[in-house]
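J.: Got a structure here, written out as structure tokens. Questions coming.
The values are calculated or read from the model by the stated rules, or taken from the named source; none is laboratory data. Since the structure is predicted, the reported quantities are computational estimates derived from the model, not experimental observations. All Cβ positions, even for glycine, are placed from backbone atoms using ideal geometry, and neighbour counts span all protein chains on display. Keep in mind that these areas ignore ligands, DNA and RNA; they rest on the heavy atoms of the full protein, side chains included. Shrake-Rupley method; radii C 1.70, N 1.55, O 1.52, S 1.80 Å.
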Amino acid sequence: VPNWWRPKLGLKTKIIAHRGASKDAPENTLASVKEGLNQSSDGIEVDIRLTSDNKIVCHHDRSTLRTTGFDKNIKDMTLEEARSLDCGKRFDESWEGEKIPTLEEILIVLPKEKSIFIEVKTGEEIVPFLLNDIYRQAKDINLITVISFYPEVIKEIKKRESKIKCNLLIAFDHQ
């Protein structure tokens with residue numbers, strides 16, 4: 001994001017790299033997160049899902065078809081199976097070999113001063129594993145916001161850890 005945009009956007013405006021720099025690198029990958037940070041974003045947004053062996057990976061869609069060409073749901077794969085897929089080549093051949101990352105890997109590369117918006121794409125079964133990943137990385141809780149379209153996810157997080165900022169997402173159908 002060019003620095004000349006910031007004054008036009010206002011002093012309190014933050015630039016968040018959606019799925020990382022998803023226009024310039026494969027979405028929700030370490031490459032897209034690093035690229036978003038290199039583009040002077042104030043933070044990143046990633047989508048998370050739970051694998052069959054209760055590991056959190058960053059992936060937007062239920063199925064890996066669009067990003068990898070392999071049609072299987074994340075919830076039906078182990079972490080090892082999900083990590084065996086290439087989610088870079090379909091974006092561009094120069095990204096071949098880019099893997100589906102874990103949330104933990106994203107949190108490790110995220111600088112301490114940067115914000116993260118974590119969109120939970122599944123039900124409340126992910127919450128204990130999400131909180132565990134957050135605590136294990138000892139990030140500043142004030143820079144973490146969990147977002148979800150599922151009210152039960154937000155309620156469960158607030159019940160277990162009231163200090164984590166949460167936003168309930170709402171979609172209005174347009175006719």
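J.: Would it be correct to say that PRO101 is under 18 Å from the mean Cα position of the chain (by Cα) and loosely packed, with under 12 Cβ neighbours inside 10 Å?
T.: For PRO101, the condition - under 18 Å from the mean Cα position of the chain (by Cα) and loosely packed, with under 12 Cβ neighbours inside 10 Å - is not met.
J.: Select from region 104-133 the residues that are without any contact (Cβ under 8 Å) to a residue 60 or more places away in the chain, farther than 18 Å from LEU50 by Cα and within 15 Å of the chain's Cα centre (by Cα) and list them in ascending order.
T.: ILE108
J.: Enumerate the helices (runs of 4 or more DSSP H) found wholly within region 25-85, keeping only those where 3 or more residues are over 20 Å from VAL127 (Cβ atoms) and open to solvent by 40 Å² or more (accessible area, probe 1.4 Å).
T.: Ranges flagged: 30-38, 79-83.
J.: Working only within region 86-98, note down all residues that are open to solvent by 50 Å² or more (accessible area, probe 1.4 Å) and touching a Pro at 6+ places or on another chain (Cβ under 6 Å).
T.: Correct list: PHE91, TRP95.
J.: Oh, and also: Could you grab me the full set of residues in region 106-130 that are open to solvent by 10 Å² or more (accessible area, probe 1.4 Å), farther than 15 Å from GLU35 by Cβ and part of a helix (DSSP H, G or I)?
T.: Once the filter is applied, which keeps residues that are open to solvent by 10 Å² or more (accessible area, probe 1.4 Å), farther than 15 Å from GLU35 by Cβ and part of a helix (DSSP H, G or I), region 106-130 yields ILE108, GLU124, GLU125, PRO128, PHE129.
J.: For region 143-159, how many residues are under 26 Å from VAL109 (Cα atoms) and open to solvent by 100 Å² or more (accessible area, probe 1.4 Å)?
T.: Looking only at that region, the number is 0.
J.: A further question follows. Do any residues in region 78-90 that are more than 12 Å from HIS59 (Cβ to Cβ) have Cβ atoms under 9 Å from those of residues that are assigned to a helix (DSSP H, G or I) and of a type in the set (Phe, Trp, Tyr), where the two are at least six apart or on different chains, and which pairs are they?
T.: Taking only residues 6 or more apart or on different chains, the pairs are ASP86/TRP95; GLY88/TRP95; LYS89/TRP95.
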